[in-house]
């Protein structure tokens with residue numbers, strides 16, 4: 001059974017994890033977080049647990065070192081990225097070691113593979129793989145020369161049951177759901193779990209969970225938390241910088257940026273000017289106060305004097321690195337990838353676009369000084385994103 005500790009940002013989820021580890025010295029823990037800085041925090045905060053944190057060592061891969069530590073039944077703290085590369089050998093070791101998994105923030109459970117349609121056709125026409133009724137690719141063991149033709153990597157992933165085929169148009173990697181079966185206990189520390197893609201992934205794969213909250217530092221029955229103590233600290237910009245770009249429901253989405261870059265860069269130039277005005281004239285921010293984001297391909301189009309170094313990627317979670325930043329600009333209108341949307345809809349579990357957008361906005365905002373209960377200024381030029389934030393600020397939900 002998975003226990004989802006669904007509690008608002010800054011409510012002490014990591015502190016709970018540290019206390020839980022320190023209070024259970026006989027248990028074996030695997031702690032997974034988005035950033036190695038958080039793994040280092042766990043190592044430092046749980047000295048008696050003697051966590052192994054795999055460091056970067058030139059030409060020596062991390063995974064074999066993690067396996068060696070797990071075989072010794074050591075506690076291990078590692079990143080989401082490395083966890084996604086765990087193989088069947090890791091599953092066997094974890095099962096035998098009777099580990100408890102604590103996952104700081106949900107992981108990315110699906111990824112689109114960088115493979116062309118022509119290559120997908122070659123793989124499917126070889127008849128070495130077929131697609132079942134759940135869109136999963138199954139290796140048939142039928143002879144083919146795919147390995148000799150440079151497709152060994154995809155063959156290996158198919159054999160590990162990690163590949164989803166979406167209408168023979170796109171191949172998608174999926175985190176193996178059996179990974180969650182090998183642990184004695186699983187705790188996922190997050191907020192707005194049902195708004196995240198991992199909720200739909202659990203539903204599709206029959207993974208059950210119970211949802212809890214934190215109250216006074218302890219696990220309690222789930223309840224919707226009132227965000228007022230935080231939202232009173234948030235000053236959302238309301239002025240002409242919100243209206244000098246033509247807006248639709250999709251303005252500032254990924255496709256909008258792509259189209260503007262190709263066909264109408266005046267909008268990008270205007271948005272860049274807006275950022276400059278916001279940081280320099282509206283908030284009169286120092287460079288060390290500024291925090292902003294856009295989709296990475298257009299980062300250079302919007303960067304400017306006095307705020308460039310304050311770029312924090314969208315999707316950033318689980319870090320205190322930016323908690324000194326108090327002037328924010330979120331230049332994104334967030335939507336799920338349409339191909340991923342299509343797959344989950346076909347499976348009968350359509351994704352929550354509104355909740356996903358709001359969740360990402362909140363997680364990004366909470367990297368700032370609001371984590372220390374200090375006031376922040378926020379520029380959210382997308383009307384859709386502002387409306388989602390205002391609704392959440394009133395009710396704590398959508």
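The values are calculated or read from the model by the stated rules, or taken from the named source; none is laboratory data. What you see is a predicted model, and the numbers here were worked out from it, not measured in a lab. Because the Cβ atoms are built from the backbone with ideal geometry, glycine has one as well, and the counts that use them run over all protein chains shown.
Observations, loosely collected:
- Restricting segment 140-154 to residues that are touching a helix residue (DSSP H, G or I) at 6+ places or on another chain (Cβ under 8 Å) and surrounded by fewer than 17 Cβ atoms within 10 Å (Cβ to Cβ), the residue that is modelled with the highest pLDDT: 149
- Any hit, segment 204-214, residues being touching a helix residue (DSSP H, G or I) at 6+ places or on another chain (Cβ under 8 Å), surrounded by 14 or more Cβ atoms within 10 Å (Cβ to Cβ), more than 27 Å from residue 344 (Cα to Cα) and at pLDDT 90 or above: yes
- Verdict on residue 36 being in contact with a strand residue (DSSP E or B) (Cβ under 9 Å, 6 or more places away or on another chain), crowded, with 20+ Cβ neighbours inside 10 Å and under 22 Å from residue 317 (Cβ atoms): no
- Tally, over segment 17-44, of residues that are assigned to a helix (DSSP H, G or I) and over 22 Å from the mean Cα position of the chain (by Cα): 6
Residue by residue, here is whether (1) out of contact with any strand residue (DSSP E or B) (no Cβ under 8 Å at 6 or more places or on another chain); (2) at pLDDT below 95; (3) closer than 27 Å to residue 225 by Cβ holds:
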| position | (1), (2), (3) |
| --- | --- |
| 291 | no, no, yes |
| 311 | no, no, no |
| 352 | yes, no, yes |
| 356 | yes, no, yes |
| 377 | no, no, yes |
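- Segment 172-203, subset out of contact with any helix residue (DSSP H, G or I) (no Cβ under 6 Å at 6 or more places or on another chain) and part of a strand (DSSP E or B), residue nearest to residue 361 (Cα to Cα): 190
- Residue in segment 89-106 that is surrounded by 13 or more Cβ atoms within 10 Å (Cβ to Cβ), out of contact with any strand residue (DSSP E or B) (no Cβ under 9 Å at 6 or more places or on another chain) and within 24 Å of residue 170 (Cα to Cα) present: no
- Single residue of segment 158-170 satisfying the filter (without any contact (Cβ under 8 Å) to a residue 40 or more places away in the chain and closer than 18 Å to residue 126 by Cβ) that is surrounded by the fewest Cβ atoms within 10 Å (Cβ to Cβ): 159
- Answer residue from segment 120-131, given it is part of a helix (DSSP H, G or I) and modelled with pLDDT of 90 or more and is surrounded by the fewest Cβ atoms within 10 Å (Cβ to Cβ) among those: 121
- Residue selection: residue 386 satisfies the criterion of being under 14 Å from residue 236 (Cβ atoms), part of a helix (DSSP H, G or I), touching a residue at least 40 places away in the same chain (Cβ under 8 Å) and assigned by TED's automatic domain parsing to the domain that holds residue 245.
- Positions within segment 137-156 being within 28 Å of the chain's Cα centre (by Cα) and either over 19 Å from residue 173 (Cα atoms) or touching a residue at least 24 places away in the same chain (Cβ under 8 Å) (or both), in sequence order: 137, 154, 155
- Residue count for segment 71-114 satisfying the condition of being in a loop (DSSP other than H, G, I, E, B) and free of Cβ contacts under 8 Å to residues at least 24 places away in the same chain: 3.
- Some residue of segment 220-229 being under 12 Å from residue 329 (Cβ atoms) and surrounded by 14 or more Cβ atoms within 10 Å (Cβ to Cβ): no
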